[in-house]
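As structure tokens, the structure follows; a few thoughts come after it.
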């Protein structure tokens with residue numbers, strides 16, 4: 001059930017990349033709202049600013065102008081440590097290239113956001129195993145990423161994103177590196193989690209198949225939202 | 001007490017241990033509180049064994065150098081100390097007549113004086129006093145007709161047995177009482193070396209000479225542990241010596257042993273010497289504290305050697321620090337994406353720093369342990385080289401390593417690496433999360449913030465302060481470093497003001513190069529010629545020079561590339577390869593600069609050491625300047641002097657025409673002081689006067705460091721010495737230097753005042 005309050009509220013976001021004398025306006029005054037429990041897909045051609053928007057909204061990157069309010073809190077006004085702690089407690093991330101730490105086992109990768117935010121190790125291990133079970137990988141806890149398939153790695157990444165029971169999950173091309181069958185499985189999983197846990201999902205994708213599973217599709221072009229506000 | 005750059009090694013060891021303890025406690029606490037980061041850090045180590053081995057090898061270099069430097073210093077100290085302790089045993093002060101060695105018949109005094117001294121020392125920190133006769137005598141074994149030209153006749157009183165444990169070579173104890181005469185015959189012990197030289201065995205009849213008179217003695221045994229005061233000895237009872245030398249009831253030496261054992265007694269030497277001098281007033285005898293002085297000289301030599309090794313080793317340590325920094329920058333680059341993700345999911349910057357620290361500390365510990373082990377091996381190798389260089393001399397190099405030195409080397413290696421890892425980890429933690437996750441490079445042009453202005457101003461002001469301090473104190477090191485820091489500070493301020501990076505660092509680099517290569521005469525014309533400079537100048541100038549050169553090169557790589565392509569581009573196949581090869585270094589200026597700096601420091605050290613070794617070899621092989629043009633030197637004992645060397649050689653069958661020159665000189669120890677001086681200069685000090693013959697004055701090729709007005713050449717000076725009674729030349733060792741690049745150990749105690757080796761000439765002849 002989708003609640004009506006905005007969990008993400010962004011207005012007038014501007015972001016310019018400067019490289020020497022070259023300036024690229026990645027975001028040119030974006031307004032973007034997402035309601036709690038909503039699954040939103042952000043689409044658009046390469047270079048339109050999708051990933052930049054996701055990074056700015058999630059506090060991974062800074063922006064030049066505008067206002068971002070997440071759960072009633074202005075992220076840019078937080079210190080780096082406060083923002084980091086907030087991410088660890090309230091946000092989950094899924095990226096195209098998995099970005100698992102190769103020296104840690106699956107369960108250790110999953111429990112990492114808990115441990116760095118101060119959750120006791122025994123409790124963290126229990127929650128991590130539950131999260132792995134939730135994504136259908138109860139048997140790979142002790143395997144390192146190199147011993148897993150692409151689909152399994154992405155499931156471990158999703159388990160890591162879910163383990164702290166975040167309010168928002170940011171997914172940047174979560175199926176970009178997977179075949180169509182695995183893509184279907186992953187999207188089934190994300191939609192089930194969205195429905196079961198009432199968690200908010202913001203997906204950046206090129207894929208229509210992925211986007212049409214979302215509650216809403218937002219289309220971007222040249223640093224602006226052109227459809228689906 | 002050994003020192004490093006003037007600071008006691010014990011103090012350094014304590015400070016290092018405390019710092020190491022703090023670091024260890026902090027790291028262990030952090031690891032216990034943050035196990036996931038600890039796991040993340042250390043799990044990389046076994047996963048990449050080749051990389052781990054390379055990192056440990058790189059990190060251990062500085063520990064190897066520090067260990068070898070300190071351990072070699074310890075070995076030198078121990079070896080020199082052994083000279084004193086082997087020769088003197090428990091003896092701390094020796095009472096004897098001055099210049100006794102050159103006047104064998106004088107210097108004897110009544111045995112009653114020994115009793116007076118013994119009584120007068122009651123209550124002092126003295127645990128033994130011994131009456132002795134010492135003489136240098138020739139000893140002959142008439143059987144195989146072998147002779148030892150100068151052996152110490154050592155005849156102590158019966159108290160000797162209370163202080164000494166003599167052992168017979170081959171087994172069994174011996175004592176002085178074994179030599180008691182029964183039927184008027186003289187029984188003696190000799191040492192192993194003398195026995196070997198004479199091929200003498202117990203029961204042999206030997207002959208020693210007193211003047212030209214032969215005295216038969218019976219060899220009672222070959223012993224060791226005699227502490228005779230010489231390297232080879234013939235030991236007999238005091239009564240026997242008095243009979244042989246015809247000195248009934250007389251002795252010529254008193255040995256005094258202080259409380260505190262072989263080494264610990266030296267600290268009472270000043271106090272005991274003072275009491276002895278009071279007791280001996282009016283007797284004409286003097287007190288020598290050779291052991292204390294030798295022990296002090298040992299510490300000085302050890303400190304000098306350690307400082308020199310560490311001074312030269314600083315270049316390699318600096319290169320090691322750059323290597324460590326580079327290793328961690330590259331490790332970070334390899335794991336950039338993982339670190340970005342770790343940050344995204346909630347890892348704080350300080351946790352990222354901890355992760356690298358944990359990994360670094362494990363490498364660090366492994367490197368320090370291996371480094372100390374290899375450093376000890378290097379010490380043995382250096383000792384072997386030293387032993388081969390002084391082969392044939394009575395000095396026996398004994399490797400000795402103080403636990404204190406290993407503590408300093410181990411902890412210093414750990415702390416230097418830890419500090420470098422901490423700085424590199426801090427730098428690495430300042431990554432941009434998005435760029436890290438996507439593994440895209442940092443932008444080439446970074447905004448110059450106020451941090452650069454603050455750093456520039458701070459560096460510049462600090463540089464100005466120590467520059468002014470250096471001028472005020474006439475110290476070269478702070479002056480030199482100060483101006484270099486001012487240049488660096490100004491460069492950073494110029495960058496903040498928006499001046500282009502290439503222009504700023506090229507100009508600053510050239511300025512640093514010009515400053516570090518400034519000729520001495522230009523330097524002296526600006527700052528005067530009274531600046532004191534030590535071995536640290538090599539390091540400061542070397543690093544300044546390398547930094548300047550690296551800035552110039554790394555900020556002008558594109559120009560260098562264009563020139564290279566222009567020159568080599570004619571070879572069509574070389575051009576694309578060259579462009580590709582240069583593109584990577586140009587893309588990451590920090591890594592390129594660090595790499596160039598690191599290799600530059602290594603090459604700088606190699607070139608510098610080659611030049612030093614080459615210059616030394618050239619000096620030592622130049623017999624004209626080093627040995628005055630002479631090829632062979634021989635010494636004779638005062639007991640058997642040669643009155644006419646030419647005649648003596650002719651008598652021995654040498655043809656004088658086979659020699660270009662046969663010159664001679666005699667040495668007389670005396671006291672000397674500079675005329676018309678005040679304070680410490682008024683005090684007479686020991687000096688060795690060399691009286692040379694006319695042939696020496698006519699033929700030697702020694703040059704002079706400083707000459708008084710009126711002489712145009714060395715030959716003129718030598719002729720003037722020959723023609724003018726009372727005119728002398730003095731060793732350059734007795735002239736102070738404004739530069740403290742070298743430390744003279746055991747050299748002349750007497751030094752001239754108001755004249756320096758760096759002066760152009762003497763203002764006028766000096767009277768002593």
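Here is how the numbers come out for the structure above:
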| quantity | calculated |
| --- | --- |
| Filter result (closer than 14 Å to residue A:135 by Cβ and touching a residue at least 12 places away in the same chain (Cβ under 8 Å)) within the range A:179-196 | A:182, A:185, A:186, A:187, A:189, A:190, A:191, A:193, A:194 |
| Given (1) farther than 30 Å from residue A:84 by Cβ; (2) buried (at least 23 other Cβ atoms within 10 Å of the Cβ), number of the condition residue B:317 does not satisfy | (2) |
| Residue within the range B:280-303 that is farther than 17 Å from residue B:94 by Cβ, not assigned by TED's automatic domain parsing to the domain that holds residue B:397 and not in a helix (DSSP H, G or I) present | yes |
| Out of B:182, B:167, sole residue that is in the same structural domain as residue B:213 (by TED's automatic domain parsing), part of a loop (DSSP other than H, G, I, E, B), at pLDDT below 85 and out of contact with any helix residue (DSSP H, G or I) (no Cβ under 8 Å at 6 or more places or on another chain) | B:182 |
| Scan of the range B:622-638 for residues that are touching a helix residue (DSSP H, G or I) at 6+ places or on another chain (Cβ under 9 Å) and touching a residue at least 24 places away in the same chain (Cβ under 8 Å), ordered by number | B:625, B:628, B:629, B:630, B:638 |
| Residue match in the range B:318-331 (condition: within 14 Å of chain A (Cβ to nearest Cβ) and assigned to a helix (DSSP H, G or I)) | yes |
| Number of positions in the range B:185-207 that are assigned to a loop (DSSP other than H, G, I, E, B) and within 20 Å of residue B:164 (Cα to Cα) | 1 |
| Selection from the range A:36-67 of residues that are over 19 Å from residue A:221 (Cβ atoms) and free of Cβ contacts under 8 Å to residues at least 60 places away in the same chain | A:59, A:60, A:61, A:62, A:64, A:65, A:67 |
| Tally, over the range B:27-40, of residues that are buried (at least 18 other Cβ atoms within 10 Å of the Cβ), in a helix (DSSP H, G or I) and at the interface with another protein chain (Cβ under 9 Å from one of its Cβ atoms) | 4 |
| Odd one out for residue B:51 among (1) within 14 Å of chain A (Cβ to nearest Cβ); (2) over 27 Å from residue B:316 (Cα atoms) | (2) |
| Number of positions in the range B:1-26 that are modelled with pLDDT under 90 and either surrounded by fewer than 18 Cβ atoms within 10 Å (Cβ to Cβ) or closer than 30 Å to residue B:346 by Cβ (or both) | 7 |
| Unmet criterion (only one of (1) modelled with pLDDT under 85; (2) assigned by TED's automatic domain parsing to the domain that holds residue B:307; (3) touching a helix residue (DSSP H, G or I) at 6+ places or on another chain (Cβ under 8 Å)) for residue B:71 | (1) |
| Single residue of the range A:34-50 satisfying the filter (within 14 Å of chain B (Cβ to nearest Cβ) and outside any helix (DSSP H, G or I)) that is surrounded by the fewest Cβ atoms within 10 Å (Cβ to Cβ) | A:46 |
| Tally of residues being at pLDDT 85 or above, crowded, with 16+ Cβ neighbours inside 10 Å and part of a loop (DSSP other than H, G, I, E, B) across the range B:232-258 | 4 |
| Tally of residues being away from chain B (no Cβ under 11 Å), in contact with a strand residue (DSSP E or B) (Cβ under 7 Å, 6 or more places away or on another chain), in a loop (DSSP other than H, G, I, E, B) and more than 26 Å from residue A:47 (Cα to Cα) across the range A:158-177 | 1 |
| Residue satisfying condition, being surrounded by 15 or more Cβ atoms within 10 Å (Cβ to Cβ) and closer than 30 Å to residue B:303 by Cα, within set B:609, B:533, B:582 | B:533 |
| Flag if residue B:19 is within 14 Å of chain A (Cβ to nearest Cβ) and farther than 30 Å from residue B:211 by Cα | no |
| Index of the failed condition, residue B:619 passing every other in (1) closer than 30 Å to residue B:420 by Cβ; (2) under 29 Å from the mean Cα position of the chain (by Cα); (3) without any contact (Cβ under 8 Å) to a residue 60 or more places away in the chain | (1) |
| Single condition residue B:504 does not satisfy, out of (1) farther than 21 Å from residue B:318 by Cα; (2) surrounded by fewer than 18 Cβ atoms within 10 Å (Cβ to Cβ) | (2) |
| Of all residues making up the range B:344-357, the number that are crowded, with 20+ Cβ neighbours inside 10 Å and more than 7 Å from chain A (Cβ to nearest Cβ) | 6 |
| Wholly enclosed helices (runs of 4 or more DSSP H) of the range B:419-521 bearing at least 2 residues farther than 30 Å from residue B:560 by Cα | B:433-437, B:450-473, B:476-496 |
| Qualifying residue in the range B:585-599 (condition: closer than 23 Å to residue B:325 by Cβ and either in contact with a strand residue (DSSP E or B) (Cβ under 9 Å, 6 or more places away or on another chain) or exposed (fewer than 14 other Cβ atoms within 10 Å of the Cβ) (or both)) | yes |
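The values are calculated or read from the model by the stated rules, or taken from the named source; none is laboratory data. Given the structure is predicted, the values throughout are model-derived calculations rather than measurements. Neighbour counts are summed over all protein chains in view; Cβ atoms, including those assigned to glycine, are modelled from backbone coordinates with ideal geometry.
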